[in-house]
1. Placing +1 at every Lys and Arg Cβ and -1 at every Asp and Glu Cβ, with all other atoms neutral, what dipole size does the chain have around its Cα centre, in debye to the nearest 20?
2. For the ranges 24-37, 249-262, what's the packing order if you count other beta-carbon atoms within 10 Å of each residue, average per peptide, and put the highest first?
3. To the nearest 10 degrees, how steeply does helix 150-164 sit against the main Cα axis of the chain, on a 0 to 90 scale?
4. So for each of 283-296, 216-229 I average, over its residues, the number of other beta carbons within 10 Å; can you give me the resulting order with the highest mean first?
5. 222 nm [θ] for the chain, helices only, -39500 (n - 2.57) per DSSP H run of 4+, per residue, to 500?
6. Between the alpha-carbon centers of region 88-104 and region 239-256, tell me the distance in whole angstrom.
7. If you average 1/r over all unlike Cα pairs in the chain and invert the result, what Kirkwood radius do you get in angstrom?
8. Pop out the ³J(HN,Hα) list for region 32-41 in order, Karplus 6.51 cos²θ - 1.76 cosθ + 1.60 with θ = phi - 60°, rounded to Hz; leave Gly and Pro as x.
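Just so it is clear, none of the values below were taken in a lab; they were calculated from the coordinates. The structure presented is a predicted model; accordingly, all values stated were derived computationally and were not measured. Because the Cβ atoms are built from the backbone with ideal geometry, glycine has one as well, and the counts that use them run over all protein chains shown.
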Amino acid sequence: MSETPAPRSAPPRARAEIDLAALRANVRTLRALAPGAALMAVVKSDAYGHGAVPCARAAVEAGATWLGTATPEEALELRRAGLRDVRVMCWLWTPGGPWREAVEADLDVSVSGMWALEEVVAAAREAGVPARVQLKADTGLGRNGCQPGDDWAELVARALRAEEEGLLRVTGLWSHFACADEPGHPSIAAQLTLFREMVSYAEQAGVRPEVRHIANSPATLTLPETHFDLVRTGVAVYGISPSPELGSPADFGLRPVMTLSAAMALVKRVPGGHGVSYGHHYVTAGETTLGLVPVGYADGVPRHASGTGPVLVAGKWRTVAGRIAMDQFVVDLGGDEPEAGSEAILFGPGDRGEPTAEDWAQAAGTIAYEIVTRIGSRVPRVYVNEGQPG
């Protein structure tokens, strides 16, 4: 009696291939650009859509000694995944957040104002463990961070009192640039000057930070005077340039990590004058072949790229024909007739002539950060080169 063969899994409708060797190589490149500073790999928002835990592990393997997240929940996920022998910092808190869990997990937590300092001190008392606290200065971005002057003086003084009581350790002083991706912007020098002043005030008051940091990806790439003790590299870790004005990924020795592709769901001949997708914003000029790509804005493909988004099919660049729908869009293949199931590459490193995330950003009127980060959970992440040196 013959055995029934196990069912084969169907090939994926779409996939986001994540090249961890490229990520490790990017981290090493970034470390070399800031040789006097430690490197934080920022893995917020599921590592900019690439998968937080696998990317965090690869970054640590390549020499990142810090990991950064926005929310405490993201940071706690890293600890639960076994990333315990690396510093983890989180900075986006709201009242009532999981302060005690963060303290007990040995996270570095950012504090921008008195309410946050009071909550973390209370959590440290409950836990019986001193909190690791980094004080954030608003040097001009105007988002999170403590204002200079009396507010900063009060925050520093109260943090030092709590440190004397054994309730916390001020481990860092930090800030964030507003326009480091715009070469020569006057705010860069102004923020750097103010940061130095606020750090100096805190240190003269008695703060002894482990790290001082303000450099994000663009500053790490182009402003060595901003590196201090630690650089926070986000989008550059994933091989994306923070700004076309600064240069392409290749200009900095970086390689894009994500390749987004889908299997063509249908290829068919249609006559001239045939409307395509909602609203018939595209009508075929003559008899042609249409290909159906089974991803849409529910998968993170930006609807704003309707009529402009580039796709590589059968070795040629095609453009989205008509509107991108929730689950699918159409490309006009001209006279070509690839088989259903053929690969459509939306973006990747560009090695095979495929578009890049920056090409999609230009098509959608946005930035490449958003293109990769918005790719949704319906698209499986497939990790390659997990155990290979990058």
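1. Dipole magnitude for the chain comes out near 540 debye.
2. So the peptides 24-37, 249-262, ranked by packing, come out 249-262, 24-37.
3. Approximately 70 degrees, to the nearest 10.
4. Per-residue Cβ counts within 10 Å, averaged per peptide and sorted highest first, yield 216-229, 283-296.
5. When only DSSP H runs of four or more count, the value is -8500 deg cm²/dmol.
6. Computed from Cα coordinates, the inter-centre distance equals 33 Å.
7. 22.8 Å
8. Those phi angles translate into 5, 6, 10, x, x, 10, 6, 10, 9, 8 Hz.
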